């Protein structure tokens, strides 16, 4: 019961301070789940993101369900997910009910300029930690660069990239390309 | 009560078919507005603006906003609250079920070398997608969109205050590893207001 409550509260805290969608919560997930609670690792987190991107639903919720389920089964998954969506319900619900033109207030726009600048720095730091674990050799770096460039410059769905990269991973390993490279380095 | 059942089912379908994050739900929501008359394209653009400037996953924020509009239009504030809860729960239901099944399968096949080979590629792509999303945030954070549209030069459009703040935050987060990201976000919001960024 205590763990369920913790899952709910941690994800509520993350949901309440994530500005700009699922990717922006990566720094907080690392802090809360990898550094503090040790419920998951950076490697697992990046796997969750990869799967969360090619399964139905919102990435942030998918990652919450994954971590909750792994930590405490079905109930854990549900509590983490409910935690993630609760701040949205309260904050967005209040704005929809009481404040019209919330986003037009000057003070809100100033605060958001500041928050966006912080989010750039925080994601960069989080991305660096994960890149070190994921981009283990030249082939991984090539996949990474191609996906990053195409995803930034085109409207191709992330699903396509994730599926194609999975197939590439299989081919590169099964064809012996990686092994040949490793032996050459020895 | 029928309207809430319909709301749940419609958001369930959005959650089931939109793959790849909150903004991927947008085309489905547009279609929902047209099919039901619950909200207009104008409502949708308000909703996106609010969802992006409030905390939480964008997809959930949008579901909450629409659920409230639909419910309150039907029977006032209490119905609005109920509508926002039902829409959000509807949207996450398919994901929760799918992720639990995938997670179960992963635990079973974790030691398979084929899973390992696939994830080797998946992880690289995942970091690539994060980099692309980061570049998108960077573009909005460091460049004034109005200046770019007015045709000012590249250097005129650069928002130096944001770049300096970002550099300071990056220094803090790498130098003092104990600081919680939430503290830095609050700090940045305060700085933004004080310096009228």
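The values are calculated or read from the model by the stated rules, or taken from the named source; none is laboratory data. As the structure is a prediction and not an experimental result, all values here were calculated from the model. Positions of Cβ are generated from backbone atoms using ideal geometry, with glycine treated the same way; all protein chains shown enter the neighbour counts.
Residue check: is residue A:60 touching a helix residue (DSSP H, G or I) at 6+ places or on another chain (Cβ under 7 Å), at the interface with another protein chain (Cβ under 7 Å from one of its Cβ atoms), surrounded by 21 or more Cβ atoms within 10 Å (Cβ to Cβ) and in contact (Cβ under 8 Å) with a residue 40 or more places away in the chain? Outline the logic, then answer.
Values: touching a helix residue (DSSP H, G or I) at 6+ places or on another chain (Cβ under 7 Å): yes; at the interface with another protein chain (Cβ under 7 Å from one of its Cβ atoms): yes; surrounded by 21 or more Cβ atoms within 10 Å (Cβ to Cβ): yes; in contact (Cβ under 8 Å) with a residue 40 or more places away in the chain: yes.
Spelling it out, residue A:60 is indeed touching a helix residue (DSSP H, G or I) at 6+ places or on another chain (Cβ under 7 Å), at the interface with another protein chain (Cβ under 7 Å from one of its Cβ atoms), surrounded by 21 or more Cβ atoms within 10 Å (Cβ to Cβ) and in contact (Cβ under 8 Å) with a residue 40 or more places away in the chain.
Applying the criterion of being crowded, with 21+ Cβ neighbours inside 10 Å and under 28 Å from residue A:1 (Cα atoms) to the residues of region A:83-111, the residue that is farthest from the other protein chains (Cβ to nearest Cβ) is A:83. Residue selection: residue A:38 satisfies the criterion of being at positive phi and more than 7 Å from every other protein chain (Cβ to nearest Cβ). Using beta carbons and a limit of 7 Å, which pairs, at least six apart or on different chains, have the first residue in region A:118-130 and more than 7 Å from every other protein chain (Cβ to nearest Cβ) and the second one at pLDDT 85 or above? Between residues of region A:118-130 that are more than 7 Å from every other protein chain (Cβ to nearest Cβ) and residues that are at pLDDT 85 or above, the close pairs are A:126/A:26; A:126/A:27; A:126/A:30; A:129/A:30; A:129/A:42.
Kindly indicate whether any position in region A:76-88 is in a helix (DSSP H, G or I) and at pLDDT below 90. Taking every residue of region A:76-88 in turn, at least one turns out to be in a helix (DSSP H, G or I) and at pLDDT below 90.
Quick check, is residue A:31 outside any loop (DSSP other than H, G, I, E, B), in contact (Cβ under 8 Å) with a residue 12 or more places away in the chain, at negative phi and surrounded by fewer than 23 Cβ atoms within 10 Å (Cβ to Cβ)? First the steps, then the outcome.
Working: outside any loop (DSSP other than H, G, I, E, B): yes; in contact (Cβ under 8 Å) with a residue 12 or more places away in the chain: no; at negative phi: yes; surrounded by fewer than 23 Cβ atoms within 10 Å (Cβ to Cβ): yes.
When the stated conditions are applied, residue A:31 does not pass them.
Evaluate the following for residue B:127: is it touching a strand residue (DSSP E or B) at 6+ places or on another chain (Cβ under 9 Å), within 28 Å of residue A:72 (Cα to Cα) and in a helix (DSSP H, G or I)?
Numbers: touching a strand residue (DSSP E or B) at 6+ places or on another chain (Cβ under 9 Å): no; within 28 Å of residue A:72 (Cα to Cα): yes; in a helix (DSSP H, G or I): yes.
No, not satisfied.
Determine, yes or no, whether residue B:87 is modelled with pLDDT under 90, part of a helix (DSSP H, G or I) and within 17 Å of the chain's Cα centre (by Cα). Outline the logic, then answer.
Numbers: modelled with pLDDT under 90: no; part of a helix (DSSP H, G or I): yes; within 17 Å of the chain's Cα centre (by Cα): yes.
No; evaluated as a whole, the condition is false for this residue.
Residues in region B:44-54 include none that are more than 8 Å from chain A (Cβ to nearest Cβ), buried (at least 22 other Cβ atoms within 10 Å of the Cβ), part of a helix (DSSP H, G or I) and within 10 Å of the chain's Cα centre (by Cα). With respect to residue A:159, determine if the residue is closer than 24 Å to residue A:55 by Cα, surrounded by 14 or more Cβ atoms within 10 Å (Cβ to Cβ) and facing chain B (nearest Cβ under 9 Å). Yes, satisfied.
So is residue B:64 at pLDDT 85 or above, under 30 Å from residue B:181 (Cβ atoms), in the same structural domain as residue B:98 (by TED's automatic domain parsing) and buried (at least 17 other Cβ atoms within 10 Å of the Cβ) or not? Give the steps one after another, and end with the answer.
Numbers: at pLDDT 85 or above: yes; under 30 Å from residue B:181 (Cβ atoms): yes; in the same structural domain as residue B:98 (by TED's automatic domain parsing): yes; buried (at least 17 other Cβ atoms within 10 Å of the Cβ): yes.
Criteria met by residue B:64.
Of all residues in region B:86-101, count the ones that are within 7 Å of chain A (Cβ to nearest Cβ) and either farther than 15 Å from residue B:15 by Cβ or surrounded by 21 or more Cβ atoms within 10 Å (Cβ to Cβ) (or both). Break it down stepwise before answering.
Taking region B:86-101 first, the residues within 7 Å of chain A (Cβ to nearest Cβ) are B:88, B:92, B:94-96, B:98-100.
Of the ones still in play, those that are also either farther than 15 Å from residue B:15 by Cβ or surrounded by 21 or more Cβ atoms within 10 Å (Cβ to Cβ) (or both) are B:88, B:92, B:95-96, B:99.
The number of residues fulfilling the criteria is 5.
Can you find a residue that is within 24 Å of residue A:23 (Cα to Cα), within 7 Å of another protein chain (Cβ to nearest Cβ) and within 16 Å of the chain's Cα centre (by Cα) anywhere in region A:162-182? Yes, region A:162-182 has at least one match. Can we say residue A:93 is in contact (Cβ under 8 Å) with a residue 12 or more places away in the chain and within 22 Å of residue B:90 (Cβ to Cβ)? No.
Of the residues making up region B:1-42, those that are buried (at least 19 other Cβ atoms within 10 Å of the Cβ) and not in a helix (DSSP H, G or I) are B:18, B:19, B:20, B:21, B:38, B:39. In region A:140-154 there is at least one residue matching the filter, namely being more than 19 Å from the chain's Cα centre (by Cα) and within 30 Å of residue B:88 (Cα to Cα).
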